[in-house]
């Protein structure tokens, strides 16, 4: 695995974010970790697919990993604004985004709010709506163990008793967010890969609806995988990601169906 150019805190919107950057090998690409996770928990799974072709950036979002808590954290509007500020402050140009779970949702929202900053999006296990038939109860939160609290305190340099508060806050937010109307997804301009396991905690119908609503969308469903597909089917996921970046042009296929009208228009104008 390549060594990063830096791992350090950078001030973004008057708050210190833990940031990582790897060598420049192409266009900028930002990795967004999942909710209640952090960059180091998934960078090894995702980097092999992109570090040779992109300039990769990542950061721990507020209240995640090494980045400390501040007012407003966990709500998606807050996290989208944080991403936009990060792109403008640290990356300083439009970027490709790969997000896992909440990270994918944040990328989806950013592509609507600031389409000028999002060149493409890969959303791994993302959901455009909270109302997606989740398979677990959001008001049934497991108590954090002493070991988990100590690990959190060691990494974040914060009070270990803050961990249960962060987890509770996340579960509260997930009961009503994200809340994107399906019709709004039709406004997304950039190429989007909807990448999911075949046994996600939300309905397969939601995944298909999301893919079909995005004009320049692609869909990849990995068999025998759950919401944790980045660890379960790592190499297959990496190959799908590499294939996506081979061409971000609108797909021209032999037997188009959903894309038929748009493909015909492209071919007439070529």
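The values are calculated or read from the model by the stated rules, or taken from the named source; none is laboratory data. Note that the structure is a prediction, hence the values are computed from the model and not measured. Note: ideal-geometry Cβ built from the backbone for every residue, glycine included; neighbour counts use all protein chains shown.
I'd like the full set of residues that are surrounded by 24 or more Cβ atoms within 10 Å (Cβ to Cβ) and closer than 21 Å to residue 119 by Cα, limited to the range 51-85.
Answer for the range 51-85, where residues must be surrounded by 24 or more Cβ atoms within 10 Å (Cβ to Cβ) and closer than 21 Å to residue 119 by Cα: 56, 58, 59, 61, 79, 83.
What pairs come out if I take residues in the range 17-31 that are closer than 16 Å to residue 87 by Cβ and pair them with residues that are in a loop (DSSP other than H, G, I, E, B) whose C-beta lies under 7 Å away, six or more apart or interchain?
17/67; 20/4; 21/4; 21/5; 28/93; 29/50
Scan 48, 2 and give me the residue that is at negative phi, in a loop (DSSP other than H, G, I, E, B), over 14 Å from the mean Cα position of the chain (by Cα) and surrounded by fewer than 19 Cβ atoms within 10 Å (Cβ to Cβ).
2
Quick one: how many residues across the range 256-270 are in contact (Cβ under 8 Å) with a residue 40 or more places away in the chain and not in a helix (DSSP H, G or I)?
So the count comes out to 1.
Looking at (1) more than 19 Å from residue 46 (Cα to Cα); (2) in contact (Cβ under 8 Å) with a residue 60 or more places away in the chain; (3) in contact with a strand residue (DSSP E or B) (Cβ under 7 Å, 6 or more places away or on another chain), which is the only condition residue 189 fails?
Among (1) more than 19 Å from residue 46 (Cα to Cα); (2) in contact (Cβ under 8 Å) with a residue 60 or more places away in the chain; (3) in contact with a strand residue (DSSP E or B) (Cβ under 7 Å, 6 or more places away or on another chain), residue 189 violates only (3).
Out of (1) touching a helix residue (DSSP H, G or I) at 6+ places or on another chain (Cβ under 9 Å); (2) at pLDDT 95 or above; (3) surrounded by 14 or more Cβ atoms within 10 Å (Cβ to Cβ); (4) over 16 Å from residue 80 (Cβ atoms), what's the single condition that is false for residue 161?
Among (1) touching a helix residue (DSSP H, G or I) at 6+ places or on another chain (Cβ under 9 Å); (2) at pLDDT 95 or above; (3) surrounded by 14 or more Cβ atoms within 10 Å (Cβ to Cβ); (4) over 16 Å from residue 80 (Cβ atoms), residue 161 violates only (3).
From the set of residues in the range 122-141 that are in contact with a helix residue (DSSP H, G or I) (Cβ under 6 Å, 6 or more places away or on another chain) and more than 20 Å from residue 183 (Cα to Cα), which is surrounded by the most Cβ atoms within 10 Å (Cβ to Cβ)?
Looking at residues that are in contact with a helix residue (DSSP H, G or I) (Cβ under 6 Å, 6 or more places away or on another chain) and more than 20 Å from residue 183 (Cα to Cα), I get 124.
Looking at (1) touching a residue at least 60 places away in the same chain (Cβ under 8 Å); (2) in contact with a strand residue (DSSP E or B) (Cβ under 8 Å, 6 or more places away or on another chain); (3) assigned to a loop (DSSP other than H, G, I, E, B), which is the only condition residue 115 fails?
(2)
I'd like the full set of residues that are under 14 Å from residue 170 (Cβ atoms) and in a loop (DSSP other than H, G, I, E, B), limited to the range 138-157.
The answer is 138, 139, 140, 141, 142, 144.
Please state which of the following conditions residue 269 fails to meet, knowing it meets all the rest: (1) closer than 18 Å to residue 195 by Cβ; (2) more than 20 Å from the chain's Cα centre (by Cα).
Residue 269 satisfies all of (1) closer than 18 Å to residue 195 by Cβ; (2) more than 20 Å from the chain's Cα centre (by Cα) except (1).
I'd like to verify a number: residues in the range 64-101 that are part of a loop (DSSP other than H, G, I, E, B) and touching a strand residue (DSSP E or B) at 6+ places or on another chain (Cβ under 8 Å), how many?
The qualifying residues number 8.
So that you can scan it fast, the table gives a plain yes or no per residue for (1) surrounded by 16 or more Cβ atoms within 10 Å (Cβ to Cβ); (2) closer than 13 Å to residue 125 by Cβ; (3) at pLDDT below 95:
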{"residue": "167", "(1), (2), (3)": "yes, no, no"}
{"residue": "187", "(1), (2), (3)": "no, no, no"}
{"residue": "198", "(1), (2), (3)": "no, yes, no"}
{"residue": "204", "(1), (2), (3)": "no, yes, no"}
{"residue": "212", "(1), (2), (3)": "no, no, no"}
{"residue": "216", "(1), (2), (3)": "yes, no, no"}
{"residue": "222", "(1), (2), (3)": "yes, yes, no"}
{"residue": "233", "(1), (2), (3)": "yes, yes, no"}
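Given 27, 40, which one is closer than 20 Å to residue 9 by Cα and over 11 Å from the mean Cα position of the chain (by Cα)?
40
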